[in-house]
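Asker: Quick one: the structure is below, questions incoming.
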Amino acid sequence: MGILRWQRRDRVASPDMSDGARVLADQPQSGNQDAAVTAPVTEAPAQPGSDIATLDWEALRSRVSACTACALHTSRTQTVFGVGNPSADWLVIGEAPGADEDKQGEPFVGRAGQLLNAMLLACGLKREQVYIANILKCRPPNNRDPRPEEVISCEAYLMRQIALIQPKLILAVGRIAAQNLLQCDTPIGKLRGQVHRFRDTGIPLVATYHPAYLLRSPAEKRKAWQDLQLAMRTVDEPPA
Ligand code: URA
């Protein structure tokens with residue numbers, strides 16, 4: 001895979017660690033009554049349900065797995081709910097499942113997931129200690145960017161996950177996650193490197209580069225490590 005390790009310099013000395021962290025390799029109304037009778041009825045898309053904010057984990061998981069709120073349900077193999085510790089301090093949020101995740105039903109299991117695991121380990125965290133979820137629970141075909149209507153359809157699920165976990169920190173990985181969570185279109189390079197608040201929850205949010213991007217642009221790993229260090233400090237010493 002080319003991903004060997006992402007290490008904290010202060011924990012594991014390595015002759016190759018010249019920077020803070022490095023992965024060593026890398027429906028219409030009609031006035032015409034006849035028309036009103038004969039016009040085909042356009043079904044409104046099924047919506048996730050207004051009771052999502054009241055669901056427990058099991059009910060939420062089951063609602064997600066049966067979801068038909070957007071067109072992505074027609075092309076998915078399965079939904080990708082999320083994985084990890086339901087009482088985690090860290091909630092990692094990515095973009096959407098890719099091909100591997102769609103097959104396995106778990107977020108971040110492909111090559112980018114391996115790098116994510118290594119990044120977490122560099123922070124002293126095993127994958128099982130954090131919770132990992134995505135903006136979307138279904139894979140967009142050909143890994144295209146999520147569409148606004150898909151994000152809107154899926155949002156209540158993620159909001160409920162956040163409310164159930166009550167993490168000390170949200171780590172948004174990648175532009176899509178960061179921009180959607182922060183409801184802005186600021187470039188990721190400007191969103192990273194600082195502590196934001198997640199909407200009215202007040203939960204601190206740190207944005208960083210997506211591991212898939214880091215695989216393509218290893219020179220940016222240094223900045224990602226700075227973001228992870230900021231995330232660790234934020235969990236240890238939450239902002240007032
Ligand atoms: N990329 C993401 O953003 N999420 C996944 O689950 C896998 C790859």
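Coordinate-derived values only; no laboratory data. Quick caveat, the model's predicted, so the values are computed rather than measured. Note: ideal-geometry Cβ built from the backbone for every residue, glycine included; neighbour counts use all protein chains shown.
Asker: Quickly rank 139-150, 197-208 as a protection proxy: mean count of other C-beta atoms within 10 Å, highest first.
Answerer: Highest to lowest by the protection proxy: 197-208, 139-150.
Asker: With a sphere of radius 13 Å drawn around the Cβ of Gly105, what net charge do the other residues whose Cβ falls strictly inside it have (Lys, Arg +1; Asp, Glu -1)?
Answerer: Every neighbour counted, the sum reads +1.
Asker: Under unit Cβ charges (Lys, Arg +1; Asp, Glu -1), what dipole magnitude, rounded to 20 debye, does segment 59-114 have relative to its Cα centre?
Answerer: It works out to roughly 200 debye.
Asker: I need the Debye-formula profile for segment 98-240: one equal scatterer per C-alpha, no solvent, reported as log10 I(q)/I(0) at q = 0.12, 0.16, 0.19 1/Å, two decimals.
Answerer: Result of the Debye calculation: -0.46, -0.88, -1.32.
Asker: Sum up the charges of everything whose Cβ sits under 13 Å from the Cβ of Pro239, counting Lys and Arg as +1 and Asp and Glu as -1, but leave Pro239 out.
Answerer: Numbers: positive: Lys168, Arg197, Arg233; negative: Asp236, Glu237.
For residues surrounding Pro239, the net value is +1.
Asker: Let me ask something else. Expected output is a single nm value to one decimal: the length gained when fully extending between Ser65 and Arg199, i.e. 0.36 nm times separation in residues minus the C-alpha distance. What is it? Please list the in-between numbers first.
Answerer: Details: separation 134, 0.36 × 134 = 48.24 nm, distance 2.65 nm.
Taking 0.36 nm per residue and subtracting the Cα distance, the gain is 45.6 nm.
Asker: How long is the gain from Glu220 to Val83 if the chain were fully straight, where each residue apart is worth 0.36 nm and the alpha carbon distance is subtracted?
Answerer: Length difference between fully extended and current span is 46.6 nm.
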